[in-house]
Amino acid sequence: MEEKLSAVAKTLKPSPIQQLSLLAQSCNAVNLAEGFPDFPAPSHIKDAAVSAINSDFNQYRHVQGICDQVAKIIKYMHGLDVEPLTDIAICCGQSEAFAATTFALLDKGDEVVLFDPSYETYETCIKLAGGVPVYVPLDPPCWTLDADKLMKSLTVKTKAIVLNSPHNPTGKVFTKDELETVAGACHTRDLLAITDEVYEHITYDKKKHISLASLPGMQKRTIITSSLSKTYSVTGWRVGWAVASACIASAIRNIHIKLTDSAPAPFQEAALTALRSPLEYFELLRRDYESRRDYTVKLLSGVGFQVQFKPEGSFFLFVELPENCVVSDVEFVEELIKQAGVVAVPGCGFFHRDLYLDKFFPADYSYQKRYIRFAFCKSDATLAAAAQKIGELVNSSGLLKLFHSDRKMQ
């Protein structure tokens, strides 16, 4: 029955990240692939969800109080005035908020600029909406945005720019200068910006997340998408939001209602408790993840991985294979699973070399087969188990055939 599928559906492939996560479960491997915490969510938030269920908040529901709290947080963090009644759409996680945004904005053939490497969901949503993704490569090892590359990627068909900061998979926090470059492009070419800010509270080394919407003139051009998932360790609750001008927010809300009607009712109710968490909660969150980051950096650099860029935010470490490693990222991950029982994600899945504008971005992109993404949003026990397994593999010389071989990377 494959011939009955739509043209778009035929182009979609299973998520390699989720496939690797399933593999980790099936072979009882340590899962450093998928970006979800494997430690408990905060007790007071879980208690709020249980209380909501027991209080029969179990039917279709739209909780206005979430919008009020989101507006307060945006005002506190970024100085932006957001009208809770009109400018916020509550959705089933950031993923649906992003998808509904693309459906609300894009017509067939509209181009959308993304920065590469890039999270896999964006391209799929853009294509489903009829849009055309256009990728601008960030420059390693610090994943710097080149203003000239961005401007050369813009055409008369360009409708929007997608910005994910803090960034998945690299952990980059875009600088003020880079944000001003994006804002300048939006103003000059009359573009919209769609931001993914789910890691907004997870930054390190005193780095501060700056929302693109807070730059002069950008609030009306920016659709902010975010969620509870990462900040409160509840990735399965699926409560997120889009923040935009009233007209756009209304369109997103209408599409969301047609797709799913409402986010899970008891979790919306519990979201009020989460969003009212004291400032101390966010500071503890940062410190905790910073400790996990440092532990993972020490672990991986100690066995030869090249950590040329230390994550500034998010909870991923995007590291280059050891210099004398002659296999590709995919082959290395396969061997890591077989020999050590540890699952990570090959970096090539985040790159989109085939969609670059070659005449504008001529370069050697062989590095795109040399990166691995490790998720460190894991319990101390999980990280310790990974450290032990990788350490045993190194000590047993099990990795030698990957580092010293006559094979050439394909």
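The values are calculated or read from the model by the stated rules, or taken from the named source; none is laboratory data. These numbers were taken from a predicted model, which means no experiment stands behind them. With ideal geometry, Cβ positions are generated from the backbone for all residues, glycine too; neighbour counts draw on all protein chains shown. SASA here: full protein model, heavy atoms, side chains in, ligands and nucleic acids out. Shrake-Rupley method; radii C 1.70, N 1.55, O 1.52, S 1.80 Å.
Once all protein chains are placed together, residue 51 keeps about 60 Å² accessible to a 1.4 angstrom probe.
Of the cross-linked pairs 127/157; 46/378; 207/378; 149/172; 127/206, those separated by over 26 Å at the C-alpha level are 127/206. Computed over the chain, the per-residue total of -39500 (n - 2.57) for DSSP H runs of n ≥ 4 gives a 222 nm mean residue ellipticity of -12500 deg cm²/dmol, rounded to 500. An oblate overall shape is assigned to region 259-398, the ratio a/c of its alpha-carbon gyration tensor axes (a ≥ b ≥ c) being 1.5 or greater and a/b not exceeding b/c. Computed over the chain, the P(r) curve from all C-alpha pair distances, binned at 20 Å from the origin, holds 26, 58, 16, 0 percent per bin.
Using a simple spin-label model with pseudo-atoms 7 Å out from Cα toward Cβ, residue 294 and residue 139 lie 3.1 nm apart.
Assuming charge only on the beta carbon of Lys and Arg (+1) and of Asp and Glu (-1), the dipole of region 325-397 about its Cα centre is about 120 debye to the nearest 20.
Placing unit charges on the Cβ atoms of the charged side chains and taking the dipole of the chain about its Cα centre, the candidate lying farthest along the positive direction among 291, 98, 213 is 98. Among residues other than residue 211 with Cβ under 9 Å from its Cβ, the summed charge is -2 (Lys and Arg +1, Asp and Glu -1). Taking 8 Å as the Cα distance limit and 6 or more residues as the minimum spacing, I'd like the relative contact order of region 77-138 as a percentage. Reported relative contact order: 33 percent. Once each part is reduced to its C-alpha centroid, what is the distance from region 282-348 to region 104-125 in angstrom? One Cα centre to the other: 27 Å.
Rolling a 1.4 Å probe across the protein heavy atoms gives the chain an accessible surface of 43 Å² per residue. When 378, 220 are compared by accessible area of protein heavy atoms, the largest-first order is 220, 378, using a 1.4 Å probe.
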